[in-house]
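The values are calculated or read from the model by the stated rules, or taken from the named source; none is laboratory data. Small disclaimer: the values here were computed from a predicted structure and weren't measured. Neighbour counts are summed over all protein chains in view; Cβ atoms, including those assigned to glycine, are modelled from backbone coordinates with ideal geometry. Quick note on the areas: whole protein, heavy atoms, side chains included, nothing else; ligands and nucleic acids left out. Shrake-Rupley method; radii C 1.70, N 1.55, O 1.52, S 1.80 Å.
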Amino acid sequence: MSITNVDVLPKFLPCSIENQTPPRYTTRYSVRSSNTAKDALEQGEVPVGCMFVYRGKVLGTGGNEVNKTKNATRHAEMIGMDQVLKWCRVQGLDQACVFRETVLYVTVEPCIMCAGALRLIHIPLIVYGCRNERFGGCGSVLHVDSDSIPSYGASLKCIRGLLADDAVELLRQFYKGQNPNAPNPKLKS
Amino acid sequence: MTCAKKLKTAVDCEEERHWILPVLAQHITTNTIELDTVYAGAIEDKKVTSRLLKELCIAYPLKLHQHLKRIRNSGTGKNVRLEVLLCCERDLPCPEERIRSQMHATLEANNVSTEGLGNVYLAKVPRSSPLTRAQYREAIAYWPTQFHEDKQLELLLDGRYFGSADRTKIENHMRTAISRARNSTGEARVGAVFVDPLSDTVVCSSCDLRDAEHPFHHAPNVCVDLVARSQGGGAYEYNGVSANPDSSDSPCFVRELRRCSPEAEVPRAPDERTPGTRELEGHKGRTATVDKGLARNSAGLPYLCTGYDLYTTREPCVMCAMALLHSRIRRVFYGCSVPGGALGSYYNIHVQPELNHHFEVFRGILQEECKKLQWDTV
Ligand SMILES: [Zn+2]
Ligand SMILES: [Zn+2]
């Protein structure tokens, strides 16, 4: 278990976010995200799991549902965000205000698409495990998290390396179990 | 001359209106070529040329510069003379070997006889093989270079890739996208249409459905989910708008899915030239011909958006562009560019070298009409 950078939270984040991200909480959320990733693996999906935490409250959890929905965009983050949006609707809260104080914990670096979606709704902070060398949008392939993309809102902060080894191990199991002759062996996280 | 030029301008204006511009990777469109430094020498006695070449090829093979010709003619008329590319600067690791006046000695030490070789000088040569005729013209100004023209790429570059029948089809699909855009209820007026180019049929279409509660329901993203729905999947709940399978005029339309074998459904002449049936050569700097038929799953249904084309009134944002890439789209046609766009303006997702799927993108289709649609967000 490797935890890096957790105490080095950016200073300008809302107080509520700083309060809810001491190392032991962070680890707890990361472990729970990791369990969601394991569930995804059992469902035959790319094992990525995530959790959206608002003021210490878990508003959404998600694992990949690409195969289930036949929609290649149903990544863990998108599933989780839909749950948060639904929660806001039910509570009658403005989703923009909620997302501004929400932290995303995810086992793998969000892809370019998810990083774009996260910026669209102004998530301030992402805590993720391992890098996503193939599609990563928070530094690995592109810097969607920090680029100044016109009309895409403020940049977001990332803390990486939490339970990275666990995340890598799950991905390894997934790709090992895949039939190399399958029509689309690259169905992705 | 003047007359011909005038005539051409009139045609150009007409052409301009129907312009369909490829959005290509920067390394294809650039005409600035990178250069390397080499040592070259004058050949004073032509009889030694073949012997010299043989020895040079052994001592200093042009590993990274295979596109360069080793010999060139310089000067004109009676002053024509032969010059030979001796070696690259990086072939000479020791600084003392790099002294130009010592070059003859260096060559001799590497089993190249300098008999018949004249002055040695430094020359600039193109670093890599030219990809386009324009790059080739730049390259040969420095040193003779080999060039294999990619005919399709040249057609693309000068706007002759699509014939008038193709243009009409493309514009008609864009008109559908524009009429969808007019249905948009939220903050952005954008329309999107997925087309199966083999049968030229609309698979699904949608207006932009984003609002405060559905920030991700951008028109292209909605269409990706509608394609999933047409394949028995799908995930979105469309607030107040139901995806109507019956009317292709509804704001959100998805064709009823049929189980079919592709060949039975879409008879296609083997010689038919469907636009863009091949991957653009040079997208990754090398040739890649890909089977562009629709990939089907075991039930004979299409897989994701493989083989489909998207028509959308404005350039997709980074989220939508990557959603299209994840869905293995074949081509994207869009109307107007936006500063934050991810297919040519801010990013070039479709030709990003690290990504595992590349697709063709064309812009400028009915650009003015697309621009007129009111829009103010991503
Ligand atoms: Zn993603
Ligand atoms: Zn978008």
Seminar exercise, completed: For region B:66-188, averaging the sequence separation of alpha carbon pairs under 8 Å that lie six or more residues apart and dividing by its residue count, the contact order in percent is 20
For this session: Sum up the charges of everything whose Cβ sits under 10 Å from the Cβ of B:ILE329, counting Lys and Arg as +1 and Asp and Glu as -1, but leave B:ILE329 out.
Result: +1
For this session: If a/c stays under 1.5 just call it rounded; otherwise compare a/b with b/c (prolate if a/b is bigger, oblate if not). Do that for region A:66-127, with a ≥ b ≥ c from the square roots of the Cα gyration tensor eigenvalues.
Result: oblate
Exercise. Counting only the backbone N, which residues of region A:29-56 are under 19 Å from the spot 7 Å out from the Cα of A:VAL168 toward its beta-carbon?
Worked result: A:30-31, A:34-35, A:37-38, A:47-49
Seminar exercise, completed: Output field shielding_mean for A:148-160 (other chain Cβ, 10 Å radius) holds 3
Exercise. Peptide B:66-73: average number of partner chain Cβ atoms within 10 Å per residue?
Worked result: 0
Exercise. Within region B:178-218, what residues put their amide N at less than 18 Å from the label point 7 Å along the Cα-to-Cβ vector of B:LYS169?
Worked result: B:193-204
Seminar exercise, completed: Expected unfolding gain across B:LEU155-B:ARG100 under the 0.36 nm per residue rule, minus the alpha-carbon gap, is 15.3 nm
Exercise. Which order do peptides B:183-190, A:84-91, A:111-118, A:36-43 fall in by mean Cβ count within 10 Å, highest first?
Worked result: A:111-118, B:183-190, A:36-43, A:84-91
Exercise. Extension gain A:SER151-A:GLN83, at 0.36 nm per residue separation less the Cα-Cα distance, in nm?
Worked result: 22.0 nm
Exercise. What ranking, highest mean first, results for peptides A:60-67, B:215-222 when packing means the other Cβ atoms within 10 Å averaged over each residue?
Worked result: B:215-222, A:60-67
Problem set entry | Total accessible area lost when B and A pair, probe 1.4 Å, Å² to nearest 100 | 3100
For this session: Specify the inter-centroid distance of region B:142-190 and region B:80-101, based on alpha-carbon positions, in whole Å.
Result: 47
For this session: Mind checking the full-extension length gain between B:ASN73 and B:GLU237? Use 0.36 nm per residue of separation minus the Cα-Cα distance, one decimal, nm.
Result: 52.0 nm
Seminar exercise, completed: Rounded to a whole number, the mean other protein chain Cβ count within 10 angstrom for residues of A:59-72 is 5
Seminar exercise, completed: Rounded to one decimal in nm, the spacing of the 7 Å Cα→Cβ label points at B:ARG90 and B:THR185 is 5.9
Exercise. For B:ASN110, what is the net charge nearby, where nearby means another residue's Cβ is under 10 Å from its Cβ and Lys, Arg count +1, Asp, Glu -1?
Worked result: -4
Exercise. Each label point is 7 Å from the Cα along the Cα-to-Cβ direction; what then is the distance between the points at B:GLU108 and B:GLN26, in nm?
Worked result: 4.8
Problem set entry | Carbon/sulfur fraction of accessible area - region B:81-144, other protein chains in place, 1.4 Å, % | 46
For this session: Return the long-range amide H neighbours of A:GLY161 (sequence gap of 5 or more, or a different chain), with a cut-off of under 5 Å between placed amide H atoms.
Result: A:TYR128, A:GLY129
Problem set entry | For peptides B:354-366, B:317-329, sequence by mean Cβ density within 10 Å, most packed first | B:317-329, B:354-366
For this session: Determine the shape class of region A:24-99: with a ≥ b ≥ c the square roots of the Cα gyration tensor eigenvalues, call it rounded for a/c under 1.5, and otherwise prolate if a/b is greater than b/c, oblate otherwise.
Result: oblate
